[in-house]
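Note sheet for the following structure.
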Amino acid sequence: MRALVVTGTDTGVGKTIVTAALAARALARHERVAVLKPAQTGIAPGEPGDLAEVARLSGADDLHELARHAEPLAPATAAARADAPGLSARAVAEAARALADRDLVLIEGAGGLLVRFDEHGATLADVAKLLDAPVLYGGSVKPENAAELMARPAIDGALVGGAALDVASFVAICDAAASATAV
């Protein structure tokens, strides 16, 4: 099984579109593809969520959602407010491993890479580490988040967008990356 984690800095940065495009490409190659969405927030039960959009855009039909919460909050917070258990990184990794007979398992995050899944602080980065899966990261790398992102073993690099236009911001990001890789 090849697994790929798709994440970004926030909601609305295109994770679902990218996941659908990757699924469509793999399906066009006649690969068996599963899409796993550990936690869907901000969508009530019974309403179409990100996996419905992946299906619409790609034709994928092997879709798996582990938790859903109506409030548009981080999964751990939404679960706590709904008096529901959070998702451990181990539970998400086990769900992905249960799909091991597929050629590709795409794991689409909720919010950003470091958004908490449970009260113990489990994140999508932890899932990627457990699965030894690469992370496809989209969104804004800024001086405020560069050090924490680049310190994660599952992150191999980052695309710097608008922050590269400001010399001080770009230098701060480069310094954070250099410090993280020097460890």
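The values are calculated or read from the model by the stated rules, or taken from the named source; none is laboratory data. As the structure is a computational prediction, the values presented were derived from the model and not from experiment. Because the Cβ atoms are built from the backbone with ideal geometry, glycine has one as well, and the counts that use them run over all protein chains shown. Side chains included, ligands, DNA and RNA excluded: accessible areas come from the protein's heavy atoms. Shrake-Rupley method; radii C 1.70, N 1.55, O 1.52, S 1.80 Å.
Structure summary
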{"read-out": "Failed item, numbered, when A74 is tested on (1) open to solvent by 20 Å² or more (accessible area, probe 1.4 Å); (2) closer than 19 Å to A96 by Cα", "value": "(2)"}
{"read-out": "The one condition in (1) more than 15 Å from the chain's Cα centre (by Cα); (2) farther than 22 Å from L4 by Cβ that A76 fails to fulfil", "value": "(1)"}
{"read-out": "The one condition in (1) over 22 Å from Y137 (Cα atoms); (2) open to solvent by 50 Å² or more (accessible area, probe 1.4 Å); (3) β-branched (V, I, T) that V18 fails to fulfil", "value": "(1)"}
{"read-out": "Close pairs (7 angstrom Cβ cut-off, 6 or more residues apart or separate chains): over 14 Å from A147 (Cβ atoms) and without any contact (Cβ under 8 Å) to a residue 60 or more places away in the chain in region 164-178, open to solvent by 50 Å² or more (accessible area, probe 1.4 Å) and in a helix (DSSP H, G or I) anywhere", "value": "A164/F170"}
{"read-out": "Residue among H64, H30 that alone is in a strand (DSSP E or B) and surrounded by fewer than 21 Cβ atoms within 10 Å (Cβ to Cβ)", "value": "H64"}
{"read-out": "Identity of the residue in region 34-61, open to solvent by 40 Å² or more (accessible area, probe 1.4 Å) and among the small types (G, A, S), that ends up farthest from I17 (Cα to Cα)", "value": "G46"}
{"read-out": "Every pair of residues 6+ apart whose Cβ atoms lie under 6 Å, when the first sits in region 13-42 and is without any contact (Cβ under 8 Å) to a residue 40 or more places away in the chain while the second is β-branched (V, I, T)", "value": "L27/V33"}
{"read-out": "Scan of region 77-102 for residues that are in a helix (DSSP H, G or I), open to solvent by 40 Å² or more (accessible area, probe 1.4 Å) and in contact (Cβ under 8 Å) with a residue 60 or more places away in the chain, ordered by number", "value": "R97"}
{"read-out": "Any hit, region 108-116, residues being within 21 Å of E148 (Cβ to Cβ), open to solvent by 70 Å² or more (accessible area, probe 1.4 Å) and not small (G, A, S)", "value": "yes"}
{"read-out": "Check on R97, more than 30 Å from A44 (Cβ to Cβ) and basic (K, R)", "value": "no"}
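Okay, residues lined up against (1) of a type in the set (A, V, I, L, M); (2) open to solvent by 30 Å² or more (accessible area, probe 1.4 Å); (3) out of contact with any His (no Cβ under 9 Å at 6 or more places or on another chain); (4) more than 13 Å from G8 (Cβ to Cβ):
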{"residue": "G121", "(1), (2), (3), (4)": "no, no, yes, yes"}
{"residue": "L124", "(1), (2), (3), (4)": "yes, no, yes, no"}
{"residue": "D132", "(1), (2), (3), (4)": "no, yes, yes, yes"}
{"residue": "S140", "(1), (2), (3), (4)": "no, yes, yes, no"}
{"residue": "R152", "(1), (2), (3), (4)": "no, yes, yes, yes"}
{"residue": "I155", "(1), (2), (3), (4)": "yes, no, yes, no"}
{"residue": "L165", "(1), (2), (3), (4)": "yes, yes, yes, yes"}
{"residue": "D175", "(1), (2), (3), (4)": "no, yes, yes, yes"}
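Yes/no per residue for (1) at pLDDT below 95; (2) assigned to a loop (DSSP other than H, G, I, E, B); (3) hydroxyl-bearing (S, T, Y):
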site: V6; (1), (2), (3): yes, no, no
site: T11; (1), (2), (3): yes, yes, yes
site: T16; (1), (2), (3): yes, no, yes
site: P48; (1), (2), (3): no, yes, no
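Here's the yes/no breakdown for (1) under 20 Å from L99 (Cβ atoms); (2) modelled with pLDDT of 85 or more; (3) in a loop (DSSP other than H, G, I, E, B):
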residue	(1), (2), (3)
F117	yes, yes, yes
V127	yes, yes, no
S140	no, no, yes
E148	no, no, no
A154	yes, no, yes
L159	no, no, yes
S169	no, yes, no
